[in-house]
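Got a structure for you, written out below as structure tokens; questions coming shortly.
Each value in this text was obtained by applying a stated rule to the coordinates, not by laboratory testing. Everything quoted here is computed from the prediction, not taken from an experiment. Cβ sites come from the backbone with ideal geometry, for glycine too, and all protein chains shown count toward neighbours.
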Amino acid sequence: MSGEFLTLLGTSPFGHRIDSVCPYSNGLFFGGEGGKIWQYRGVDDDYEPYQPIRTLCSDNRNNPKRVAVEAANVAMMAIPDESEDALYFIDRNNQLLMINLQAEPEELLSDYVIGPFHHDEITGMDTCLRKELVVTCSKTSIMLWNYAERKFLMAFKVSIGEEASDVAFHPSGFHILACVGDKLVILNVLAKSIKEDDHSLTIKHCKKVRFSNGGHLFAVGVSCYTYIYNFYTLECPPYFQCKGHIGKIGCIDWFEDDSGFTDSCDKGYVFFYDL
């Protein structure tokens, strides 16, 4: 590739790193450090062909009407149609966002296009049997989605210093189990939020969890053992402590009639249990 140097903009956002440039009919958008987006308009001036108009920011945490967007470096921008009503962009937190360019100045805030995505890799996922819902988790957050409408619903933030490794959805859609650190957290799914229950269990090294199809039992993978708990009493009798693997439990799956389950370990073994 080759190019010709024309000029240096004296009105450049000096002191800020620019990661992305997006042209539009009357000028340019620059995006970069700290979630800042600078809009420039083309003018008839050989020495300063572009003049700054306004600075936009992806941080909208102070607006209670929107799902909070935390400012992060802008990675890529695009204006999809000739109307140029909206600017779409991806930030370094792996979020797909947009700004309505026709809004009033005080409303020039970022919104999620679909909903907030996970910042980190997804470590667990489960579907609800009786509702069109999916729950996913990463190290820092647990998110609820409607897969029929392809829509984000709500999220639960994991406590600072802890990490979520797996989630399980109760068949009713009203409860979620999450392996968070050395705890098995019970979450209640409400109309507009996810709340932690007071009856969470302390289970060290729990990494896998799965509800039975009826929802009255759940299986927890702890190192090389699988324990079966009664969901309503949170009891695990000795005859429901299934041992035998020599590796860490990697997957648990219940029989259709809940009479037993299978589990596998990272050493390549699959065991079948008849309860």
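First select every other residue whose beta carbon is under 15 angstrom from the beta carbon of F240; then total the charges, Lys and Arg +1, Asp and Glu -1.
After counting each charged neighbour, the total is -2.
Treat every Asp and Glu Cβ in the chain as -1 and every Lys and Arg Cβ as +1, leave all other atoms uncharged, and give the resulting dipole magnitude about the Cα centre to the nearest 20 debye.
My answer is approximately 1040 debye.
For the stretch 208-252, compute Rg over Rh where Rg is the Cα radius of gyration and Rh is the Kirkwood radius from the inverse mean 1/r over Cα pairs.
Result: Rg/Rh = 0.97.
Still on this structure, please answer the following. What Rg and what Dmax come out for the stretch 120-201 when only alpha-carbon atoms are used, in angstroms?
11.6, 34
Something else: Please report Rg over Rh for the stretch 62-209, where both radii come from the alpha carbon positions and Rh follows the Kirkwood definition.
1.03
Pick from F152, F14, F231: which is most flexible by mean-square fluctuation in a GNM of the chain where alpha carbon atoms under 10 Å apart are linked?
F14
Take every Cα-Cα distance within the stretch 1-143, group them into 5 Å bins from 0 onward, and report for each bin the whole-number percent of pairs it holds.
2, 9, 16, 18, 17, 13, 9, 7, 4, 3, 2, 1, 0, 0
Please state, rounded to one decimal and in Å, the Kirkwood hydrodynamic radius that the chain gives when every pair of distinct Cα atoms enters the mean of 1/r.
Evaluated on the chain, it is 21.8 Å.
Still on this structure, please answer the following. For the stretch 204-271, what does the relative contact order come out to in percent, with C-alpha contacts under 8 Å and a separation of six or more?
Worked out over the stretch 204-271, it gives 26 percent.
Among N188, N26, N146, which one shows the biggest mean-square fluctuation in a GNM of the chain, springs joining Cα atoms closer than 10 Å?
Checking each option, the largest mean-square fluctuation is seen for N26.
Under a plain spin-label model, where a point goes 7 Å from the Cα along Cα-to-Cβ, how far apart in nm are E149 and R130?
Here the modelled spin labels are 2.0 nm apart.
Here's another thing I want to ask about it. Take the Cα radius of gyration of the stretch 195-275 and divide it by 2.2 N^0.38 Å, with N its residue count; two decimals is plenty.
Scaled against compact globular proteins, the figure is 1.05.
Taking each pair of different alpha-carbon atoms in the stretch 124-274 once, compute 1/r for the pair, average those values, and report the inverse of that mean as the Kirkwood hydrodynamic radius in Å to one decimal.
When all Cα pairs of the stretch 124-274 are included, the Kirkwood radius is 15.5 Å.
Moving on. Would you look at the GNM of the chain, springs on alpha carbons closer than 10 Å, and say which of G15, G31, G124 moves the most?
Per the Cα network of the chain with a 10 Å cutoff, G15 tops the list.
Please identify every one of the GluC sites (Glu not before Pro) in the stretch 188-275 that sits in a loop by DSSP and has no more than 13 other beta carbons within 10 Å of its own beta carbon.
Those that pass, being in a loop and sparsely packed, are E235, E256.
Provide the net charge surrounding H170, with neighbours chosen by a C-beta distance below 12 Å and charges set as Lys +1, Arg +1, Asp -1, Glu -1.
+1
Another question, if that's okay. So if we plug the beta-carbon distance of R17 and Y225 into 1/(1 + (r/R0)^6) with R0 = 35 Å, what FRET efficiency do we get, rounded to 0.05?
Efficiency computed from Cβ-Cβ geometry: 0.10.
What does the net charge come to around Y24 if you take all other residues with beta carbon closer than 15 Å to its beta carbon, with K and R at +1 and D and E at -1?
Around Y24, the charge tally is -2.
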